[in-house]
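To start, the structure under review is shown below, and the notes come after it.
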Amino acid sequence: MRLFVAVAPPAEVLDRVASLRRPERPGVRWTRPDQWHVTLVFLGEVAEPDPLVAALDAAPLAPATAVLGPAVTTLGRRVLQVPVAGLDDLAAAVRRAVPPARPDAHPFRGHLTLARADRARLGDLAGEPVDGRFAVEDVRLVRSHLGGGGPRYEDLHVRPVPAG
């Protein structure tokens, strides 16, 4: 099963992100609110999640506050994102507890993916102001189910994060 560890923003933050413009455009696939999260570490294919659950539960996690914005940007040529700051230390602690699938995995870059594009240019969709912040209440071990209509995510385990 394909697994990752993520932070899920609360409903009021998701509502704010949902209010951003999302024009129809050929080649652009908009993500849905039920897909919005900040991936702390992608774990890849894992046969048995129990050791990851135990490692995540034992990890020393400190309080964290996520800060969105200040504006929608692109990540490479094919991803439109809302940048999310403030989670570097939390992501590092999670990555120490449950390392990425590949040792050469991309470094952590906090964001919510708004859209993916095949060949469409996304630059003119960037720049819309967005702000928000939230205290991280938990981290989630998530299973990704791939298929038509975009991925569907299933929380396998929720680990509380201490309040600040």
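No lab work stands behind these numbers, since they all come straight from the coordinates. Please read these numbers as outputs of a predicted model, since none were measured by experiment. Here the Cβ positions follow ideal geometry from the backbone for every residue, glycine too, while neighbour counts run over all protein chains shown.
For region 1-112, the relative contact order is 31 percent, taking Cα pairs closer than 8 Å that sit 6 or more residues apart in sequence and dividing their mean separation by the residue count. Per the Debye formula on identical point scatterers at the alpha carbon atoms of region 77-164, with no solvent, log10 I(q)/I(0) at q = 0.19 Å⁻¹ is -1.25. Taken over region 2-160, the ratio of Cα radius of gyration to 2.2 N^0.38 Å equals 1.03.
Each peptide in 77-83, 114-120, 142-148, 4-10 receives the mean, over its residues, of other Cβ atoms within 10 Å, and ordering these scores from highest gives 4-10, 77-83, 114-120, 142-148.
Dipole magnitude for the chain: computed about the Cα centre from +1 point charges on Lys and Arg Cβ and -1 point charges on Asp and Glu Cβ, it is near 700 debye.
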